[in-house]
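Notes for the one structure printed next.
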């Protein structure tokens, strides 16, 4: 096989093939992505396959200890006060919890990043008002604020997503602003201004790709926290207007909360390792523009 054929195969592989190659090169990231895929498949098909088992009562197996598989593999995490297997209930409840957490993280990241771009690049008074808004949100404990707002509003999935998203906006807002304040002084941004690039083109075409890897990493770590917050609200009594089972709505407090922490920890680790491969092109872009700065500098 000639060098031309090898280069042609590399070019035709595309971004997906390149991402899979980088993922396979890092075995830890590969197994993290594999675990994440298994969790997503369980959350997608679990309610269809295990919902009957998760709701079936078995008083003979009530409060069964974990790691006891004499009653079956579904009892590996034990059973609740009504004898229902906790593993099946966690799998069934994972779908609603993951959907709520994903929607909240997506909404908070989009809004927080947009406000942070404006606050970081703009030199008007609007930037100060945006930062004061973030300070007001951060002055309240997020979980307490969520409980108060949900007590005043009608319990629903939309309201829980809205509340969780609002409480997480300052994280993306402050991080984005700090990154933009540093990137906007680089040489390639100044060169874009000199060449007549518009305000929005500089922000979205030159600045946002550079700070994107940082935002992806924050989002993956924040996903686990939002899962725990949603489960805590469900455990405290908010059932989201009958929207189905959630990780916090089980009866056994200590065992369920420990399983929530374990699931959130594993999901955070699984999301955080593959995101390095996802953010790799943006990191290369940032390095290329840094080298361009060094070349353009006098």
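Residues 40, 34, 48: which one is at pLDDT 85 or above, surrounded by 15 or more Cβ atoms within 10 Å (Cβ to Cβ) and out of contact with any strand residue (DSSP E or B) (no Cβ under 6 Å at 6 or more places or on another chain)?
Values: 34 fails: surrounded by 15 or more Cβ atoms within 10 Å (Cβ to Cβ); 48 fails: surrounded by 15 or more Cβ atoms within 10 Å (Cβ to Cβ).
On inspection, the qualifying residue turns out to be 40.
Does residue 203 count as more than 22 Å from the chain's Cα centre (by Cα) and closer than 20 Å to residue 215 by Cβ?
Spelling it out, residue 203 is indeed more than 22 Å from the chain's Cα centre (by Cα) and closer than 20 Å to residue 215 by Cβ.
Checking residue 1 against (1) surrounded by fewer than 18 Cβ atoms within 10 Å (Cβ to Cβ); (2) farther than 30 Å from residue 162 by Cβ; (3) modelled with pLDDT of 85 or more: exactly one of these is not met. Which one?
(3)
Which of the residues spanning the range 16-43 are in contact with a helix residue (DSSP H, G or I) (Cβ under 7 Å, 6 or more places away or on another chain) and under 25 Å from residue 90 (Cα atoms)?
29, 30, 32, 33, 35, 36, 39, 42, 43
Please determine, by comparing only the residues of the range 146-155 that are in contact with a helix residue (DSSP H, G or I) (Cβ under 9 Å, 6 or more places away or on another chain) and touching a residue at least 60 places away in the same chain (Cβ under 8 Å), which one is surrounded by the fewest Cβ atoms within 10 Å (Cβ to Cβ).
Looking at residues that are in contact with a helix residue (DSSP H, G or I) (Cβ under 9 Å, 6 or more places away or on another chain) and touching a residue at least 60 places away in the same chain (Cβ under 8 Å), I get 147.
Working carefully through the options 60, 71, find the one that is at pLDDT below 85 and in a loop (DSSP other than H, G, I, E, B).
Checking each option against the conditions leaves just 71.
Taking the criterion of being farther than 30 Å from residue 41 by Cα and either assigned to a loop (DSSP other than H, G, I, E, B) or at pLDDT below 80 (or both), would at least one residue in the range 124-131 satisfy it?
yes
Out of (1) farther than 30 Å from residue 44 by Cα; (2) surrounded by 15 or more Cβ atoms within 10 Å (Cβ to Cβ), what's the single condition that is false for residue 113?
Failed condition: (1).
Here is a list: 216, 136, 180, 147. Which entry is over 21 Å from residue 112 (Cβ atoms) and part of a helix (DSSP H, G or I)?
Within the list 216, 136, 180, 147, the selection yields 147.
Tell me, which residue of the range 221-250 that is more than 16 Å from residue 176 (Cβ to Cβ) and at pLDDT 80 or above is nearest to the chain's Cα centre (by Cα)? Give the derivation first.
Just the residues of the range 221-250 that are more than 16 Å from residue 176 (Cβ to Cβ), to begin with: 223-250.
Keeping just the survivors that are at pLDDT 80 or above gives 223-230.
On the way: 223: 3, 224: 7, 225: 9, 226: 8, 227: 9, 228: 12, 229: 13, 230: 13 Å.
Top of the filtered list is 223.
Take the residues in the range 55-94 that are touching a residue at least 60 places away in the same chain (Cβ under 8 Å) and surrounded by fewer than 18 Cβ atoms within 10 Å (Cβ to Cβ); name whichever of them is nearest to residue 232 (Cα to Cα).
Going through the qualifying residues, I end up with 81.
The values are calculated or read from the model by the stated rules, or taken from the named source; none is laboratory data. Keep in mind that this is a model prediction, so the values were computed, not measured. Please note: Cβ atoms are built from the backbone with ideal geometry, for glycine as well, and neighbour counts cover all protein chains shown.
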